[in-house]
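Below is one structure, written out as structure tokens; comments come after it.
The values are calculated or read from the model by the stated rules, or taken from the named source; none is laboratory data. Not measured: the values here are computed from a predicted model. Note that each Cβ is placed from the backbone with ideal geometry, even for glycine, and that neighbours are counted across all protein chains shown.
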Amino acid sequence: MKNGIIVTIDGPSAAGKSSVARLLAKRLGFLYLDSGALYRAIGWKALKDGISIVDKKGIERICKKIRIDVKKMGDEFRIMADHMDITEEIRGPEVSRMASEISAYPAVRKGLLKLQQDIGRKGNVVIEGRDTGTVVFPEADIKFYLDADIKVRGERRWKELRSGGFDVDLNLTIREIEERDRKDQTRTIAPLMVPSDAIFINNTEKTLSDVADLMLKEIKNRTDYP
Ligand code: DC
């Protein structure tokens, strides 16, 4: 049983899901759940413990043992792994690559599915990721799918990485995003796809605030949100 309203936002890498989900959650007074950060937490732990990408048993062990929490601090949500704040550390390209690989493992998806559902069903939530409207919350009150041109997405991610202190090349960033999209869309379990009942938004030429306004209008029209 769920309580409150569930809003899902799916889409490819660097489509602006996190920024808009965070803003929308703030305006609605809802919890913001970045499901990608959970996959990143597992990837981060595997890298930290020196577990190879092909060591399925090792990755499974991490899933069973790791404790992941989403902690609200002021207006922000921090990602905790075994009580350590890893919010910034999980943003780098190495963790991105690892998260994309391990997200195709059934044991990882199974463990994180329950965690997401347990958090989301407690109350009003905006959750974003790749399968939040198709697998995690097929019963969501309202679903969005956010996309933008690959060049715009690449530039956004590149700027974000540079401002986080990661010295990366723009063209390489674009190629890595394309590769991750391909993997996310073609994996057999919970692939990235547009939920049949989602509202599709292309934000190539829209500002963050335009997108949040548009979503807010749809939420007011289509859900019980007052
Ligand atoms: O959104 P992100 O870039 O932080 O996500 C990191 C990886 O996690 C991404 O390559 C795919 C995976 N992921 C997923 O498989 N399902 C989700 N709901 C969210 C992320």
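Among what's in the stretch 68-91 and is more than 21 Å from Asp118 (Cβ to Cβ) and part of a helix (DSSP H, G or I), pick the residue that is farthest from the ligand (Cβ to nearest atom).
Filtering first and then ranking leaves Glu89.
Pairs please, first residue from the stretch 114-136 and without any contact (Cβ under 8 Å) to a residue 24 or more places away in the chain, second anywhere and of a type in the set (Lys, Arg) and surrounded by fewer than 24 Cβ atoms within 10 Å (Cβ to Cβ), Cβ atoms under 9 Å, 6+ apart in sequence or on different chains.
Within 9 Å, the pairs are Gln117/Lys2.
Can you tell me which residue is farthest from Ile150 (Cα to Cα) among those in the stretch 1-25 that are within 13 Å of the ligand (Cβ to nearest atom) and either over 19 Å from the mean Cα position of the chain (by Cα) or assigned to a strand (DSSP E or B) (or both)?
Thr8
For residues in the stretch 116-136 being charged (D, E, K, R) and surrounded by fewer than 23 Cβ atoms within 10 Å (Cβ to Cβ), which is farthest from the ligand (Cβ to nearest atom)?
Looking at residues that are charged (D, E, K, R) and surrounded by fewer than 23 Cβ atoms within 10 Å (Cβ to Cβ), I get Lys122.
Determine if the stretch 54-67 includes at least one residue that is aliphatic (A, V, I, L, M), away from the ligand (no atom under 16 Å from the Cβ) and more than 25 Å from Leu146 (Cα to Cα).
There is at least one residue in the stretch 54-67 that is aliphatic (A, V, I, L, M), away from the ligand (no atom under 16 Å from the Cβ) and more than 25 Å from Leu146 (Cα to Cα).
With modelled with pLDDT of 95 or more and surrounded by fewer than 18 Cβ atoms within 10 Å (Cβ to Cβ) as the only criterion, which of Leu192, Leu113, Leu146 stands out?
Leu113
Kindly indicate whether Met84 is at pLDDT 95 or above, more than 15 Å from the chain's Cα centre (by Cα), over 27 Å from Leu172 (Cα atoms) and not basic (Lys, Arg).
Judged against the criteria, Met84 is a match.
Residue check: is Ser35 surrounded by fewer than 19 Cβ atoms within 10 Å (Cβ to Cβ) and within 23 Å of Ala190 (Cα to Cα)?
no
Just the residues that are more than 8 Å from the ligand (Cβ to nearest atom), in a helix (DSSP H, G or I) and within 14 Å of the chain's Cα centre (by Cα), please, taken from the stretch 26-51.
Ala41, Ile42
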